[in-house]
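The values are calculated or read from the model by the stated rules, or taken from the named source; none is laboratory data. These numbers were taken from a predicted model, which means no experiment stands behind them. Cβ placement follows ideal geometry from the backbone for every residue including glycine, while neighbour counts extend to all protein chains displayed.
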Protein chains: 2
Amino acid sequence: MITPKEGRRRVVIEAISPEVDGGRFPVKRTIGDRVRVEADIFVDGHDSISALVLYRPDGSEFWIQEPMQPLGNDRWSAEFTVTELGRYRYTIQAWIDHYETWRKDLLKRIAAKGDTAVDYLIGAQLIEDAASRAVEPDASFLGEQVSIMRSEEDLTRKRESATSHALNEAMVKYPNRRYSTDADREIVLVVDPLRARFSAWYEFFPRSTSGVEGQHGTFADCEARLQYAADMGFDVVYFPPIHPIGVNFRKGPNNLPASDPGDVGSPWAIGSAEGGFKSVHAELGTLEDFRRLLRRASELGIQIALDIAFQASPDHPYVKDHEDWFRKRPDGTIQYAENPPKKYQDIYPFDFETPQWFELWRELKSVFRYWIEQGVRIFRVDNPHTKTFPFWEWVITEIKGEFPAVLFLSEAFTRPKVMYRLGKLGFSQSYTYFPWRTVKHEITSYLSELTQTGVRDFFRPNHWPNTPDILPEFLQTGMRSSFLIRFLLAATLGANYGIYGPAFELLESRPVRPGSEEYIDSEKYQLREWDVENSRNLRDLITQVNRIRRENPALQLDWTLQFHHIDSDQLICYSKQSVDEANLIIVLINLDPHHAHSGFVTLPLDQLKIDGNQPYQVHDLLTDAKYFWHGERNYVELHPDRMPAHIFCLRRSAHTEADFDYFL
Amino acid sequence: MITPKEGRRRVVIEAISPEVDGGRFPVKRTIGDRVRVEADIFVDGHDSISALVLYRPDGSEFWIQEPMQPLGNDRWSAEFTVTELGRYRYTIQAWIDHYETWRKDLLKRIAAKGDTAVDYLIGAQLIEDAASRAVEPDASFLGEQVSIMRSEEDLTRKRESATSHALNEAMVKYPNRRYSTDADREIVLVVDPLRARFSAWYEFFPRSTSGVEGQHGTFADCEARLQYAADMGFDVVYFPPIHPIGVNFRKGPNNLPASDPGDVGSPWAIGSAEGGFKSVHAELGTLEDFRRLLRRASELGIQIALDIAFQASPDHPYVKDHEDWFRKRPDGTIQYAENPPKKYQDIYPFDFETPQWFELWRELKSVFRYWIEQGVRIFRVDNPHTKTFPFWEWVITEIKGEFPAVLFLSEAFTRPKVMYRLGKLGFSQSYTYFPWRTVKHEITSYLSELTQTGVRDFFRPNHWPNTPDILPEFLQTGMRSSFLIRFLLAATLGANYGIYGPAFELLESRPVRPGSEEYIDSEKYQLREWDVENSRNLRDLITQVNRIRRENPALQLDWTLQFHHIDSDQLICYSKQSVDEANLIIVLINLDPHHAHSGFVTLPLDQLKIDGNQPYQVHDLLTDAKYFWHGERNYVELHPDRMPAHIFCLRRSAHTEADFDYFL
């Protein structure tokens, strides 16, 4: 027979939110967020209960308490604000509030003119109990109430005391938490800097910045491109790997299996006699040059993100010094990367099953640490899904334990559950399937999954219309409208988005061959010159949209995203609001780059707190045009050859009809 | 710095199903069930994986293994059959299958005519490793393959060996589970007797069976009523409490606060000088009489369910002997049940916060044990939500540990989360909100929640159209059609259902006052005579429906329930199938007791495996009428004054048009 330890803990706490996989993984938030904690809390019978959320930053010994409020249907909630970077913990405590049960019943009995004599004696016991925990002057006050309740005074006097606001106020300060129930776990919350939630990324290849045909760009050359990105309003600039590039099996242009002398190779084939993950490719400059570039970025309000690709070229020093970190084949050679029949002989993957696995982990961690010491705070991780999950959980937890402001972007273009697992393990942001979600129902269902389900507690999307590996079919039309559509979707659907430029804004659209998503003459294997002064450049529109994003808090978060009905399959409509609901943005995009489309959009006026009885203004932040809309259904028409979208800022303020005369 | 223990466990196991609250509570099944276990299982990179479900009855030391199969999207599944009552455990183990990875890559390389020389050497290592675990003759066979792979033989010979079915068959027998991942929990599964899933309950008051006005019925009198219930096809007969009834504060007829001598009182005011929970009310007979009745029930194929109401009348021996199990008021009296301003002075609730709580628990457990010793196997528990949750979890686990065939029905007509919690804690069946779900969308959404979500893993519905406490408004019309509609819904929506009779089948419909759901002249407070020979009696139809339920396995389970579109709000259509899909029942009910309604029903033919290209027969098991339907849309018309429902058995067997000539 089992003997339970304490069978008197009557209150139940269930279904806590937020929570990832029953508390197995941390919940993610950004600094300054209000965290709303909810749970189902209930007890047998009819007793009243009280509940607290207890929370603390990981370093603090003391729990901070926030009383929970009932929402109905046994659901309770409380909110707190996270003000420090790093890890917090929270949990819930709940107990039967015998005082409140007594008070509630007494009030009912008084209302029903029932017999209350014994009730005051019961109340006296409860108040006496609270008094024993109280400090002055509450203790004396409560003592007096006990005396009244037990006195020979008439019931009127007792009733006044028992139902007084002063008594209630004193009593709730000294609850009796005997047999309280503690939630069976503490949930970890990771608080990231704001940039984890709101960022505009710009990727470029440092080596393609010389402006001179065939000349390798340097970090010094990058300064102008950095300025260019800053002028467009980007706040993260991300570089492909900047390390020495292997010589053996170096790839030629367009991924040719062999290279000629002078071919620059792929930056992802990392390591040569010059060094590896902690070195800088000599043709780009020195470490000091890189640090200077970091300082310049900082002056421009930009953070530079480094690409971390944990794989070695055959020439990486590790291959010689740590042969046992790689898999040996029976013929004595090292196993190169392979997806039969494809061979990637320029790349040796690490063997995470090596007996020296922990030595390997520590070394890889030291790579992050090294670049953090140089001033890097954001890492884009290449193919994290081909390294082991336990490693990522460990290394991210370790690094963020020391440097809580550091962010990791997961480049896992892989199966859905693997992508999500990496989010759970700690990646701050993740690439998404956005490049391939082009029609309305795909965009609607995918973005709803990302922003309106429990996924959002651990997975922060970062939407990219293109990358050096992905030139989606949609962009292969080469039409300005196609690029605008994908850019506007990414930048308004996602508080985090990025483009690979200047390829993107210069409408680079030629695949290496029909049916491929690889660029022809890809910068992955050769230098490219980009004529950013070309009039086709989308920079002005990009600049404008990044400014709109900065000026409108609604576009700085993902969770308020809502799709609205519009009676055309080619038009999509969605809104986002700021947390305080003051800023409401309504986006309308024509998904068809070829033809104009029109339709009626239906807005849920009540939910958006729009007064349907008077006209309201929608102000297109792209064209500065102002429209007056009436009621829930309004007409829109979008011409992709002009501008395929509206980004409306909605003015809720009340007007009289007279106000509109001016516009009529 | 954290040093992980084993960083080489690369495989991830997530989202196991079935599972209740992350494994906190057992999953429920009935004996003979196929249990389908699923999980998301995946690894970094492209290696192949293998996975097993491990399961065992709680008594067994040894895990039984069932290999899992991939379902796509990283979901895996395996099934096993539960053949013993009581508790099982299951868990999942998964590992990287380096042999399968090698084999898969080798086949691709052969297909691409790539270089395979080194592959055979790698294979030799893997086979040698398996050989070291193998028994004869496999060990020798595998050893020979190693020799071939390492020999100077030509590649053709090696390829034949490496790709042979024989090698693969031997290799999968000796997997290398190095660094395998175990799911982080074992999930408990409670296997109940079939009756937990499929039962028809009939409740009657033993004291109302004498057939003579004013004469208290006895257990001997109950035999005829038992026969009557058995004739109707019920298999569980449930009695309100059969214990001595308190005298102090005894209620009079129609719940009058006072009683006259001769008033019989409420059976739920348990205990008198004659005894308490382990005694039999003298007017019903002796313990021996009760045991005789149990034997008679057994002969009839019926189980008698006892009502267990853990509360005492002021006269219960506990009040004297265990004063400390009740709450004392400051005036020295014991706290009676109360919901201010209502007082229930005939009932003392137990104080589950007593310091003697565990003594109380043990005593209450002994009550179950006592009646089990007399031969009772089913308990209907009165108001379990007013006793503590930890008590129920403990007592049900204890009792079922000793007597796994025992069933508990939870009478918790309370808030949704409390109802569900009691299911999680171990109750085998639960009363539901069915009495108040009368319109189509309510029935559809509630029954879908119960049968098509994770709720079904822990909560087994038992639908009652009426109880002694609940005469729903819908029945207060007193119309035969109203009773038929509610009966047919309960008996076909629920594999478990029950009625309180003879009130139900005699169309008892008068409330104690307008707006009340209490019966007038309720048997709860007085004797009643029932003229079961009255021609209004619905017994024939009830008998027929219980026979249909027994003959159609589709109606013996809840999980295959599916609602189908029918274009009238007053008509509802749903289907159920047997596990093997051979038996398909389609139910159509007119929810309006007053008017005939008609409409077209739409069936998902593909899903129901009906050939839409030829007519198919629907055979009404209520009227024996046979209809031929064509395609997915067919017309129905139901007249409540005749029969408000069809219970169609669908014949899927193919016919030629000629077969129908006879009917045309």
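Selection of segment B:210-243 for residues being more than 15 Å from B:ARG292 (Cα to Cα), of a type in the set (D, E, K, R) and either in a helix (DSSP H, G or I) or modelled with pLDDT of 95 or more (or both) yields B:ASP231, B:ASP235. Residues in segment B:415-440 that are touching a residue at least 12 places away in the same chain (Cβ under 8 Å), farther than 17 Å from B:TRP392 by Cα and away from chain A (no Cβ under 14 Å): B:THR432, B:PHE434, B:PRO435, B:TRP436, B:THR438, B:VAL439, B:LYS440.
The single residue among A:GLN374, A:GLN345 that is away from chain B (no Cβ under 13 Å) and not hydrophobic (A, V, I, L, M, F, W, C) turns out to be A:GLN374. Just one of (1) out of contact with any Lys or Arg (no Cβ under 7 Å at 6 or more places or on another chain); (2) in a helix (DSSP H, G or I) trips up A:VAL367, so point out which. Unmet for A:VAL367, out of (1) out of contact with any Lys or Arg (no Cβ under 7 Å at 6 or more places or on another chain); (2) in a helix (DSSP H, G or I): (1).
Considering (1) within 13 Å of chain A (Cβ to nearest Cβ); (2) within 15 Å of the chain's Cα centre (by Cα); (3) not hydrophobic (A, V, I, L, M, F, W, C), the lone condition that B:THR453 does not fulfil carries the number (1). Restricting segment B:23-42 to residues that are of a type in the set (A, V, I, L, M, F, W, C) and farther than 30 Å from B:GLY7 by Cβ leaves a set whose member that is nearest to the other protein chains (Cβ to nearest Cβ) is B:PHE25.
With respect to B:SER17, determine if the residue is surrounded by fewer than 21 Cβ atoms within 10 Å (Cβ to Cβ), at pLDDT 95 or above, polar (S, T, N, Q) and over 35 Å from the mean Cα position of the chain (by Cα). Considered against the rule, which asks whether it is surrounded by fewer than 21 Cβ atoms within 10 Å (Cβ to Cβ), at pLDDT 95 or above, polar (S, T, N, Q) and over 35 Å from the mean Cα position of the chain (by Cα), B:SER17 comes out as no. Among the strands (runs of 3 or more DSSP E) confined to segment A:29-72, the ones with at least 2 residues that are farther than 18 Å from A:SER17 by Cβ and modelled with pLDDT of 95 or more are located at A:49-57, A:64-67. Residue-level analysis places A:PHE391 among those that are under 21 Å from A:GLU363 (Cα atoms) and within 11 Å of another protein chain (Cβ to nearest Cβ). If you check B:LEU591 against the conditions, is it touching a residue at least 12 places away in the same chain (Cβ under 8 Å), of a type in the set (A, V, I, L, M, F, W, C) and over 17 Å from B:ILE485 (Cα atoms)? No. Filtering B:GLY423, B:GLY401 for residues that are out of contact with any Cys (no Cβ under 8 Å at 6 or more places or on another chain), modelled with pLDDT of 95 or more and crowded, with 19+ Cβ neighbours inside 10 Å leaves a single hit, B:GLY423.
Note on segment B:319-336: among residues that are at the interface with chain A (Cβ under 10 Å from one of its Cβ atoms) and in contact (Cβ under 8 Å) with a residue 12 or more places away in the chain, the one that is surrounded by the fewest Cβ atoms within 10 Å (Cβ to Cβ) is B:GLN335.
A count restricted to segment B:75-111 and to residues that are over 30 Å from the mean Cα position of the chain (by Cα) and under 20 Å from B:PHE42 (Cβ atoms) stands at 12.
The set of residues from segment A:101-115 being more than 8 Å from chain B (Cβ to nearest Cβ) and small (Gly, Ala, Ser) is empty. Restricting A:ALA196, A:ALA170 to residues that are surrounded by fewer than 24 Cβ atoms within 10 Å (Cβ to Cβ), hydrophobic (A, V, I, L, M, F, W, C) and modelled with pLDDT of 95 or more narrows the list to A:ALA170. Scanning segment A:1-54 for residues that are β-branched (Val, Ile, Thr) and without any contact (Cβ under 8 Å) to a residue 60 or more places away in the chain yields a total of 7.
Of all residues in segment B:43-70, those being within 14 Å of chain A (Cβ to nearest Cβ) and hydroxyl-bearing (Ser, Thr, Tyr) number 1. Can you confirm whether segment B:301-318 contains a residue that is among the charged types (D, E, K, R) and either within 14 Å of chain A (Cβ to nearest Cβ) or not in a helix (DSSP H, G or I) (or both)? Yes - at least one qualifying residue is present in segment B:301-318.
Restricting to segment A:348-361, count the residues that are within 24 Å of A:GLY265 (Cα to Cα) and either in a strand (DSSP E or B) or at the interface with chain B (Cβ under 9 Å from one of its Cβ atoms) (or both). Qualifying residue count for the region: 2. In this structure, A:SER568 does not satisfy being in a loop (DSSP other than H, G, I, E, B) and assigned by TED's automatic domain parsing to the domain that holds A:GLY214. Sort out which residues of segment A:275-298 are loosely packed, with under 15 Cβ neighbours inside 10 Å and of a type in the set (Ser, Thr, Tyr), and write them in order of number. Selection gives A:THR286, A:SER298.
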